[in-house]
1. Suppose a student asked you for the relative contact order of the chain, using Cα pairs under 8 Å spaced at least 6 residues apart; what percent would you report?
2. Roughly how many nanometres apart are two label points built 7 Å out from the Cα toward the Cβ at residue 270 and residue 66?
3. Under the rule a/c < 1.5 gives rounded, and otherwise a/b versus b/c splits prolate from oblate, where does the range 197-329 land using the Cα gyration tensor?
4. What is the dipole size for the chain, taken about its Cα centre, with +1 at each Lys and Arg Cβ and -1 at each Asp and Glu Cβ, in debye to the nearest 20?
5. At a threshold of 8 angstrom on Cα-Cα distance, excluding pairs fewer than six apart, so keeping six or more, what relative contact order does the range 29-161 reach in percent?
6. Carbon and sulfur together cover what percent of the accessible area of the chain at a 1.4 Å probe radius?
7. Given 142/180; 97/330; 154/272; 110/272, which pairs have Cα atoms separated by over 28 Å?
8. Quick check: from the Cα gyration tensor, does the chain come out rounded (a/c under 1.5), prolate or oblate?
Amino acid sequence: MVYIYRMSFLASKTTTPLMQTAKATQRKISTVAPAGLDRFMKQHENVIPVDASWYMPNVPMNAYTEYMKSRIENAVFFDIEAVKDNSSKYPHMLPTKEVFEQEVRSLGIKNDSDILFYDQQGVFSLCRAAWMFEIFGHDPTKLHILNTYPAYAKNHADPNLVMVVHNLKTIMDRNIATSKSPHPESEYVATFDPSKVITYEQLLKLVQEDKIGTEYTLVDARSTLRFTGEAPEPRKGLSSGHIKNAINLPFTELLTPEKALLSSMSITNILKERGIDESKPIIVMCGTGVTACVVRAAMQLVGFDSSKIAVYDGSWTEWAMRAPEPLIVKDV
């Protein structure tokens, strides 16, 4: 059933430039600057901060432990590594609607909640969580990205200094948390939006029919050396390389050294330099479907139509494990 739903992304392709159809009515996510967080929290009474931190397997950090030690007041912890399809051998693939629904209910998030996503590392895995909420039907105008949490936490490290200099009460909570949420269980109801995801089978068909680069734009968010095949993949035994006619846009190029999203003007210029526009439906991918969502979020923030940007959920890990060898391209 899910596979049938997902086919609609392919059916949505149009020869009319997307910029002509979506700008006026598009509903999209937004960012919140660290300096404006206190004001944002006051203006959105039902906002729930969501710590969506996740660390790569080779990073000796535990996201939930970090959440327990320090968080924004009333924040919940959303784990992309736990809320997934447990039957899949590929990392953190999308869960079923029912699994997502159950987790969100347990966190106390409601359908009309404003959600502020943040990440202990900056802008990283939070974009994957935001995409998951969007694909499962949460109103995009109620999805917000803190740009970034480390900057806010650093500036509010001393509560007394914050009060004296800014006349503000810090909303950092450094008491040890004992659960993933301080809120009572909700009755959240999810739906599934098929326009925002693409499967291996669908992408394989597009590649075999030479539609990548001609009818669809495929953007790969991995590092340049992994894309060209010069550097190995982090996962042992997995070939590096790329899909024919894909465009390489490492997600790090859209971030500042402090791991905050660049300005809209800078992001727009980078997309133009890469030849990425809305003349064709866009597919984004990366290693395991996490940093692809950073690129997607950046595109949304500069006005690209969300319904025309699909994430290849399995990304390079699935492609390298399943695709015929001739469909793995190396530049070396």
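The values are calculated or read from the model by the stated rules, or taken from the named source; none is laboratory data. This structure is a prediction, so every number in the text was calculated from the model and none was measured. Because the Cβ atoms are built from the backbone with ideal geometry, glycine has one as well, and the counts that use them run over all protein chains shown. What goes into the accessible areas is simple: the full protein's heavy atoms, side chains included, and nothing from ligands, DNA or RNA. Shrake-Rupley method; radii C 1.70, N 1.55, O 1.52, S 1.80 Å.
1. Value for the chain: 24 percent.
2. 2.0
3. oblate
4. 300
5. The value is 35 percent.
6. 53
7. 97/330; 154/272; 110/272
8. Because a/c hits 1.5 or more and a/b exceeds b/c, the chain counts as prolate.
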